[in-house]
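In what follows, a single structure is set out as structure tokens and then discussed.
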Amino acid sequence: MIKSNMLGNYFCTVITVFLAAMLMAACSDKSMIPKITSVPYNGNADIFVQAVPNLPDNFMFGADISSIIALENSGVKFYGFNGEEQDIFKTLADAGINYIRIRIWNDPFDSRGNGFGGGNCDVNNAAVIASRAKKHGLKLFINFHYSDFWADPGKQMVPRVWARMSIEEKASALEQFTFDALKEIGKYGDIGMVQLGNETNSAMSGENNWNNISLLMNAGARAVRKYNKNILITVHFTDPQANRYAIYAGNLKEHNVDYDVFASSYYSFWHGTLDNLKDQLDMIKNEYGKDVLIAETAYAYTSDDGDGFANTVSDSRALYHPFSIYGQALSVRDVIAVAADTGAIGVFYWEPAWIPVGSDFTTNQEIWKQFGSGWAAIYASIYDFRDAGTYFGGSAVDNQALFDFSGHPLPSLNVFKYAKNGASMRANLIDTIPDIEMMQMLNEPRVLPNSVYAVYADGSRQEISVTWNQLQLSAANTLGDYIIDGTAGNTNIKCFLSVENENFIVNGGFENRDMSRWVMTGSISNSGHAERRTEDARTGASSFHFWDNEPLNFTVTQDITGLTPGRYAVTGYLHGGDGGSSQDCHVFVQNESGYYRSDVRLAGWKSYQQAVIYIDVGASGSATVGFAVKCAANGWGAWDDFKMFRAD
Ligand code: CA
């Protein structure tokens, strides 16, 4: 992770959140963003792509379009770059894609044949995709989840028919299933690579210890080798920002798992910096001698939602690239560049075609249910009641597609075609001028910055002067949240201004990477985490996030000194779930006047509950503020927005 001490200093001096946010945007990931100046602005492309050095000719440019058949069955149409309706496999091939990834669920249907959704991705679905891909010379990367529905770090459920089997029986069934599936799909397409389990950070197919997981993985590997010894075998993990890949690779080695490629997901809004990803993959290559692969990546081109079902990301404020067509292309290019730099064999874009089946939510719900073209259908409740059966719906990634909501390819789709030799537009232009956020104290002068950053299509940044609506600004004279309109060049922007009492907690919103003022005690298992993450924020982009598959018990504190004696309020927010009936989550304050606590419950996702404590600060001018979590295994949640302010 790139750390910047400079940021901490700015925060300590209670400079505006805006300045800190700008600094984070300006310097957080800059070291990994190549300068664009070598690209001449005289090309005929409609995006900028700086040529990626060291890109081998056989580099895999992949697209996972596992949901495509369900989408087409739902009436979704796709078009080519010329505007005519066209087979999406041809459009992808035209854009430089040479590999198609397909997920396989063992049996994503109920007993009446109703599909669980998410594309109803069984072996038959894969066979249809295989034959379509083959027509356009696209190879196949077969991704076995070894589950009847989605497998990811949060759930690795066993297929129903394997549920009562011993581990030996399960391994045998998995081997047979893998072999039969490959044989069937191989009749129609050209399988080049196979993945054994999906994001198997701590479990697979209902098994959560490495003796059993490795038995299953090796059973899958035997089937692949028996089917065709030239096929690459991949294992797949995620959360590179947790820096646990050495542990996973060590487990695989210790248990003699037979594989060729160690694959990672990489979504920049969740998974840390590209530098950190590169460190993790370099380590795998150098210390374990395995090939590496980025099996999933994506980036949003808009904050809009196209189908009435909320998207996983819609806020680009803490990210380096804007959510725009240019920003999307630049983001994918960054990932390809890091992959090439580390010697990875490929980059796969996840579900670039999972676009809306329509714009009306109520109509869409029927279509998703009928054709399985949403992420989950209600029929999945018999298998995964808690998640899919409760939150079923449409596409949560339509704004991360490489096709617009009506099926036309975005210019950014061509990033794959351009990656090797680069491409440029005739001229550079302003892509976006981001809105800004500010926090000011009530007693500070109400002054906004006179310049902001404009982000250009090639990714470069330039300052541009801005004028603010002074009437609105002068009206922001009591505690509260305000929106101030501004004009920068020809662009209207907004400043989201929060006027507050002085907050004496440093980095109480966890927006700053420098967490040195917070001190954590307690232990987390190798699978779990309790740390600042760019995830599930109540405000801003980051929170203090936690999850573990073992019971959680940790405390995080901050010592505050130099306070003027008087009465103070301390507040903080918690959301989350699955904490169990005896959970104990609270905020506390301790100093010479005593120990005070305020309890909050894990009340659901984004259902933030506020803790409030009033405390008297005496002559010492000091207090220790903290938050604590004690809950059951698989509890999860996030703390955010800690404040301590005068409440006299
Ligand atoms: Ca959506």
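General remarks:
- Segment 536-574 residues near the modelled L442 label - backbone nitrogen below 14 Å, point 7 Å along Cα→Cβ: 567-569
- Global dimensions of segment 551-648 from alpha-carbon coordinates: Rg and Dmax equal 14.1, 43 Å.
- Considered as an equivalent ellipsoid built on the Cα gyration tensor, segment 191-343 has semi-axes of 30, 17, 15 Å, the largest given first.
- Per-pair calculated FRET efficiency, R0 = 51 Å: A310 and N421 via Cβ, rounded to 0.05: 0.85
- Coupling constants for segment 489-495 follow from the phi torsions by the Karplus curve (6.51 cos²θ - 1.76 cosθ + 1.60, θ = phi - 60°), and in residue order they are x, 9, 9, 8, 10, 10, 10 Hz; glycine and proline get x.
- In Å², nearest 10: area of W270 left accessible to a 1.4 Å probe: 80 Å²
- Pair D616, N124: separation of 7 Å Cα→Cβ label points (nm): 7.5 nm
- Probe 1.4 Å, accessible area per residue of the chain, Å²: 40 Å²
- Distance between the pseudo-spin-label points of N450 and R646 (7 Å out from Cα toward the beta carbon): 3.1 nm.
- Ranked from largest to smallest solvent-accessible area, with a 1.4 Å probe on the protein heavy atoms, W639, W605 come out as W605, W639.
- Length gained on full extension, S359 to S607: 86.6 nm, using 0.36 nm per residue less the C-alpha separation.
- Whole-percent carbon and sulfur share, accessible surface of segment 465-541, 1.4 Å: 48 percent
- Between the residues V466, Y418, M441, the greatest Cα displacement towards the positive end of the dipole of segment 414-474, with unit charges on the Cβ of Lys, Arg, Asp and Glu, is found for Y418.
- The relative contact order of segment 272-420, computed from alpha carbon pairs under 8 Å that lie at least 6 residues apart in sequence, is 29 percent.
- Computed with every protein chain present, the accessible area of S395 is close to 0 Å² [probe 1.4 Å].
- J(HN,Hα) series, segment 173-178, from Karplus relation 6.51 cos²θ - 1.76 cosθ + 1.60, nearest Hz, glycine and proline x: 5, 5, 4, 5, 4, 4
- Whole-Hz ³J(HN,Hα) from phi, Karplus 6.51 cos²θ - 1.76 cosθ + 1.60, for segment 402-409, glycine and proline x: 9, 10, 6, 5, 9, x, 8, x
- Percentage relative contact order, the chain, counting C-alpha pairs under 8 Å, at least six apart: 14 percent
- Per-pair calculated FRET efficiency, R0 = 41 Å: T467 and K226 via Cβ, rounded to 0.05: 0.05
- Among the trypsin sites (Lys or Arg not before Pro) in segment 157-259, those located in a DSSP loop and surrounded by at most 15 other Cβ atoms within 10 Å of their own Cβ are R164, K187, K229.
- The modelled label-to-label distance between K494 and N54, using points 7 Å beyond Cα along the C-beta direction, is 4.4 nm.
- Heavy-atom accessible surface of segment 230-385: percent carbon and sulfur, 1.4 Å: 47 percent
- The chain pair-distance distribution - Cα-Cα, 10 Å bins, rounded %: 3, 15, 25, 26, 19, 9, 3, 0, 0
- With a Förster radius of 45 Å applied to the C-beta separation of T555 and V161, the computed FRET efficiency comes to 0.50.
The values are calculated or read from the model by the stated rules, or taken from the named source; none is laboratory data. Here the structure is a predicted model, which is why all the values come from computation and not from measurement. Note that we place each Cβ from the backbone using ideal geometry, even for glycine, and neighbour counts take in every protein chain shown. Please note that ligands, DNA and RNA were not included when accessible areas were found on the heavy atoms of the full protein model with its side chains. Shrake-Rupley method; radii C 1.70, N 1.55, O 1.52, S 1.80 Å.
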